[in-house]
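The structure appears below as structure tokens.
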2 protein chains.
Amino acid sequence: MPTANQLLEDIAHVGRDTDDGYHRMPWTPEVAQLREWFAGEAQVRGLEVVEDGNGNQLAWWGSGSDALLLGSHLDSVRGGGAYDGPLGIVSAFAAIDDLHAKGFAPRRPIVVANFTDEEGARFGLACLGSRLATGAITAEKALALLDDDGTSLAEAMRRHGRAPEAAGPAEWLRDIGAFVELHVEQGRWLADGSAAVGVASAIWPHGRYRFDFTGQGNHAGTTAMGDRRDPMLGYAATVLAAASLAERTGQRATFGRVQVLPGSTNAIPSAVRAWLDARADSEPALDSLVAAILTEAEQAAARHGTGVVFTSESVTAAVAFDEVLRDRLAGLLEAPVLPTGAGHDAGILSAHVPTAMLFVRNPTGISHAPEEFADEADCTAGVDALVRVVEELA
Amino acid sequence: MPTANQLLEDIAHVGRDTDDGYHRMPWTPEVAQLREWFAGEAQVRGLEVVEDGNGNQLAWWGSGSDALLLGSHLDSVRGGGAYDGPLGIVSAFAAIDDLHAKGFAPRRPIVVANFTDEEGARFGLACLGSRLATGAITAEKALALLDDDGTSLAEAMRRHGRAPEAAGPAEWLRDIGAFVELHVEQGRWLADGSAAVGVASAIWPHGRYRFDFTGQGNHAGTTAMGDRRDPMLGYAATVLAAASLAERTGQRATFGRVQVLPGSTNAIPSAVRAWLDARADSEPALDSLVAAILTEAEQAAARHGTGVVFTSESVTAAVAFDEVLRDRLAGLLEAPVLPTGAGHDAGILSAHVPTAMLFVRNPTGISHAPEEFADEADCTAGVDALVRVVEELA
């Protein structure tokens, strides 16, 4: 029986780039290889794999209703780590191995999910697979999303042999009675304590917002500073203002993605497009953080004779996980309860079924980067926790 | 006989993108099409086209030594205008048409050059063709330059059927007695006066400098602001400092190109690579401007727990054009004399042969952008000036 870490090792080469980060974008050869691996591991364990119209894979131990859903996702951000997503899936497979070995006979179906495109790294909207399956986004809107090369989700699915017409609310959702997603912690809450595994209380509300700074492209050598309308200056001022506002209010604001037109060293940009990721401990706090950043952006753009257009691309409300399930698991595992600033498919599913999350300790707290880590003993503790959860709930 | 504007119209569709900017990168199908056009226009006029080992095309009217060189370049920056480069070539062809019609018999050879890769938009170093031909850069160093996709100049040439081994100092240079490059003005010096054509006095010293800001990639949602080492903050502070320092000292500083790793909305960057274009009215002024920007960058990076590595990619010394030739042309044309902040192949050639530049009025002063413009009457005045220059010098 392979351990969770051995299963991770089996896929460690897929989508790995030269600096040890992972690039596992949805509907690419790398993710296709991971999906094949998922189907193979499910088959070895006697699980029946069903794929819905959105590309979500579900591996069933047993059939029927009121199933207990486990699993997570296999895609990554650009340059991501090895654990964010895959740890939840390999831990579910390893837990099933343990349960099989013990001769455990579940009273309800157990399902391991591989949700497609959790990160939103390609089409700009996170949790696309779970949003589509639950109807949190319409198929029409999702299929029209474009990647950086102008390829739509519909076209990307077609290139991988999928019929985009099948995308939308999934029937399997009716048969799910509860969802428990195990995930590597993406912060240092557990790192400073003695517990290897924690239970999530809530997900902070968060959003992605596009800032289009517009100016006048011109020659970098011949245009006097006073004659410029350089949109890069408004962008730069907004980056600093966002960090300072978030720090002052205890919230979070990040500019991690920027596109410059024309993008030549010797040309003043005509446009700078940048995305703000903002998170806060309450919805009013998020609203006022974003409003304050926008005010700073508008003032900075105006100071430089440029403009800024603001687009709220997606905002995800706060999620408070099911209190009964949370307290039951925290008691069972004697695990601490902690909040998170990260979005998850569990956050989307929680609007439909009682949902909980288990976090596995990450000594550095780093995530979405090659340094993301959980040590082997803690990964084993995560699998053991999942085994106890299944024994308790199924 | 087509006018200069009609010749420009003939190539107006090549490399034009949807927002009316031009993308004419060296060693691409777009520029191959322009090179074919150049060869055809030369042939129509009875000129013999010779290509050197660097890809520079030279169209000869007559042969022998002490030739008068005209021409410019056909490549563009990303999203550039229609005039920067091509105007010098179409004006030279139109001037030759006028001289042919007048039955003018030159006493020395006349050559129209199409210098390859003047903008440096693909491989990061401007005036590559003239630098190679004059030995201002070694073939070894130039051929190893990489574009954003990791393709070397050597490989790009090979893909277009050229032998990179032939790159290096060109024999034609020995046969050139003088160079007069006509170019659209890239500023508003002429726009506010009554002259359609001016003569260049000097090119400001200028350089391209790379700033590599390094930090710690991490999750944008779960990493508290105080725990971050976000390289975007050092970059943003440096952008603002550079603009402010350049404005205060009357010099020029621009950040027009930036790359973010990993470049995901929900990830704090691990690295931000940005290029500074800096220009000044003297070499000491350029040195102190760049040093001051670097100091600000280092201080900003340190404030955010990040680092910065500085690389001077290329620095081009000040060019003072040949005074005798400059005064002769300014007197002949009764044209004003003006400096420029833009680099040109003429700046490279001026170290080897008496060189002058004619600028054609640009009513907006905008360049390296779709709004770059010269009206038809001024383009005609440019051709007329070139005719008089050839009559005077050849």
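The values are calculated or read from the model by the stated rules, or taken from the named source; none is laboratory data. Remember, it's a predicted structure, so these values are computed and weren't measured experimentally. Note that each Cβ is placed from the backbone with ideal geometry, even for glycine, and that neighbours are counted across all protein chains shown.
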Just name the residue that is nearest to the other protein chains (Cβ to nearest Cβ) out of those in the range A:125-152 that are farther than 20 Å from A:P169 by Cα and of a type outside the set (D, E, K, R).
A:G150
Suppose we filter the range B:237-248 for residues that are more than 18 Å from A:T238 (Cα to Cα) and out of contact with any helix residue (DSSP H, G or I) (no Cβ under 6 Å at 6 or more places or on another chain); how many remain?
1
Looking at the range B:343-364 only, could you name the residues that are farther than 21 Å from B:W189 by Cα and among the aliphatic types (A, V, I, L, M)?
B:I348, B:L349, B:A351, B:V353
Considering the range A:329-358, residues that are within 20 Å of the chain's Cα centre (by Cα) and in a helix (DSSP H, G or I), and then whichever is nearest to the other protein chains (Cβ to nearest Cβ), we arrive at A:G347
In the range B:216-234, residues that are crowded, with 24+ Cβ neighbours inside 10 Å and either more than 8 Å from every other protein chain (Cβ to nearest Cβ) or touching a residue at least 60 places away in the same chain (Cβ under 8 Å) (or both) total 4
Check off (1) away from chain A (no Cβ under 14 Å); (2) within 19 Å of A:T265 (Cα to Cα); (3) among the acidic types (D, E) for B:E155 and give me the number that stays unchecked.
(2)
Answer with yes or no whether A:V309 is closer than 22 Å to A:R208 by Cβ and either over 18 Å from the mean Cα position of the chain (by Cα) or at pLDDT below 95 (or both).
yes
Residue tally, condition farther than 30 Å from B:E391 by Cα and over 23 Å from the mean Cα position of the chain (by Cα), over the range B:312-328
0
Restricting the search to the range A:15-27, which residues are buried (at least 18 other Cβ atoms within 10 Å of the Cβ) and either at negative phi or outside any loop (DSSP other than H, G, I, E, B) (or both)?
A:G21, A:Y22, A:H23, A:R24, A:M25, A:P26
So which residues in the range A:236-254 are among the basic types (K, R) and facing chain B (nearest Cβ under 8 Å), if there are any at all?
A:R252
Any residue at all in the range A:33-50 that's in contact with a His (Cβ under 6 Å, 6 or more places away or on another chain), within 21 Å of A:L132 (Cα to Cα), modelled with pLDDT of 95 or more and not aliphatic (A, V, I, L, M)?
no
Please go through the range B:289-315 and pick out each residue that is among the hydroxyl-bearing types (S, T, Y) and either in contact (Cβ under 8 Å) with a residue 12 or more places away in the chain or not assigned by TED's automatic domain parsing to the domain that holds B:A243 (or both).
B:T306, B:T311, B:S312, B:S314
Which numbered condition in (1) closer than 28 Å to B:Q43 by Cβ; (2) in contact (Cβ under 8 Å) with a residue 60 or more places away in the chain is the only one that B:P164 fails?
(2)
The residue that is modelled with the lowest pLDDT, considering only those in the range B:267-300 that are closer than 30 Å to A:A126 by Cβ and crowded, with 24+ Cβ neighbours inside 10 Å, is B:A267
Tally the residues that are in contact with a Pro (Cβ under 7 Å, 6 or more places away or on another chain) and of a type in the set (A, V, I, L, M, F, W, C), restricting the search to the range A:211-236.
2
Could you please find all residues in the range B:235-255 being at pLDDT 95 or above, among the polar types (S, T, N, Q) and outside any loop (DSSP other than H, G, I, E, B)?
B:T238, B:S244, B:T254
What about B:R248, is it basic (K, R) and in contact (Cβ under 8 Å) with a residue 12 or more places away in the chain?
no
Scanning the range A:266-300 for residues that are in contact with a Leu (Cβ under 8 Å, 6 or more places away or on another chain) and either β-branched (V, I, T) or part of a helix (DSSP H, G or I) (or both) gives A:V272, A:L289, A:V290, A:A292, A:I293, A:E296, A:A300
Reported set for the range B:188-212 where residues are part of a loop (DSSP other than H, G, I, E, B), of a type outside the set (F, W, Y) and closer than 24 Å to B:R131 by Cβ is B:P205
Can you tell which of B:R131, B:R122, B:R78 is buried (at least 18 other Cβ atoms within 10 Å of the Cβ) and in contact with a His (Cβ under 8 Å, 6 or more places away or on another chain)?
B:R78
